[in-house]
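J.: The structure is given below, and queries will be raised subsequently.
The values are calculated or read from the model by the stated rules, or taken from the named source; none is laboratory data. The structure presented is a predicted model; accordingly, all values stated were derived computationally and were not measured. Glycine gets a Cβ as well: all are built from the backbone with ideal geometry, and neighbour counts include every protein chain shown. Side chains are part of the model used for accessible areas, which takes the heavy atoms of the whole protein and leaves out ligands, DNA and RNA. Shrake-Rupley method; radii C 1.70, N 1.55, O 1.52, S 1.80 Å.
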Amino acid sequence: ADILLWRNEKNTFVSFVVLNLLYYWFFSSGSTFSSSAAQLLFVLAVALYGLSFLPSKIFGFLQVKKIPPWRFEISESAVRDLSKDIVAAWNHGVHSLNSLSRGGDWIKFFKGFDIEGIVGPKGMVTSGQLVSYKCEVPYPFRQKVKCYGKLGLHRYNLIQGTNFELQDLIKFNMRYCGASSFYITLEARDTVTRGPLQTFQVCADEKDFGYLNVVCSVARIKSGDTTGGASETTGVFALPNWPSDAEIQRLYTVDRSELLSTHWILLYLELVLCIEYGYGNFSEDKVSSLELVKVAIETDDETPLQAKSSVLYIAFRGLAIDGTDESVERKAVIKSMFNELTGSLALQGILCNRETPMSAEEYFKFVYI
């Protein structure tokens, strides 16, 4: 606004000159866009190279601000992460194209929320089929759908700084396959402002079957535009092993009083248990009996309890399952990754059933093509 209203004349003049130069360079020069971009990069490279030979002062009084060499350095870890993201995106794209060529994933071209499922011959549901369910009557995957709805609200609260909590599930569309996609419509209310009920749409895409590996790519208040959001792959990122006692001491340990205001920690744990024991062995009423013994957070964020990306180490008791009683202490490792560019929230998690947890390579078997 300051530039457009000429409140800062220097910035306005510089912006005007730069925009005119860019317009001439890319549109009025008669060259193609790629040629113009290549020429511009060449000019910038020559300018930076020449700048490195200039003395710190010209004519004894004109100071030249040098760009330190470390500005042009890229860390090995950043290059490795970028390479993994490129490989994962490529594999995901090829996998999607192969699926489309076989007649699958047709939902990518349609709205995922407000449509009815297309039933196969004689009511048969096939792999990749989108099926609709009303939550007023008994429906499958009750706890999983509820958890995914809460996950979508958590994602929305992270981005918007609100405090919406789930009030009621309305309906959901589910794409049937081993790793399914859920398009959930629900009602929620902000518990702080106590405003009116809002109708939300949440999309959760499972990336693997049998353990927590899900991406929440859409979480929004329902409006006129109800098109489904674009999902993405979680890529191949390794989950760390359970840390030693000395390592845990260096992490942020959540106090018991803080657990009352951090419902997302219990939600993440509930998602791990729901998916690993979600077929008749784990029910929602068992969540209330869980006792969180220790919760440690590993994150680069200065406020760990509000971190968008983190690794959770949770030790808990109260789960009587697989022939064991509630006194057995269990451990879970859960990693969340928030994409600032797309706004998607990805979760991966495992339940450590052994004294020495499996390595990521042993536990996760990714097959893209």
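J.: Residues with beta-carbon under 15 Å from that of Phe53, excluding Phe53: net charge, scoring Lys, Arg +1 and Asp, Glu -1?
T.: Working: positive: Lys57, Lys65, Lys66; negative: none.
Neighbour charge sum, excluding Phe53 itself: +3.
J.: Also: Roughly how many percent of the accessible protein surface of the stretch 127-222 is carbon and sulfur, given a 1.4 Å probe and a whole-percent answer?
T.: Numbers: 1810 of 3790 Å².
So the carbon and sulfur contribution to the accessible surface is 48 percent.
J.: Give, in nm to one decimal, the length gained when the segment between Leu5 and Asp85 is fully stretched (0.36 nm per residue of separation minus the Cα-Cα distance).
T.: Details: separation 80, 0.36 × 80 = 28.80 nm, distance 4.15 nm.
Taking 0.36 nm per residue and subtracting the Cα distance, the gain is 24.6 nm.
J.: Let me ask another. Work out the length of the dipole vector of the stretch 255-354 about its Cα centre, built from +1 on the beta-carbon of each Lys and Arg and -1 on the beta-carbon of each Asp and Glu, and round it to the nearest 20 debye.
T.: Values: 9 positive and 16 negative charges, 43 e Å.
That gives the stretch 255-354 a dipole magnitude of about 200 debye.
J.: Carbon and sulfur: what percent of the stretch 18-57's accessible surface (1.4 Å probe)? Numbers along the way, then the final one.
T.: Working: 2450 of 3240 Å².
Carbon and sulfur: 75 percent of the exposed surface of the stretch 18-57.
J.: Turning to a different aspect of this structure: Could you list which residues have their amide H under 5 Å from that of Asp208, counting only those 5 or more apart in sequence or on another chain, with H placed in the peptide plane?
T.: Sorted by chain and number, the residues that satisfy this are Asn213.
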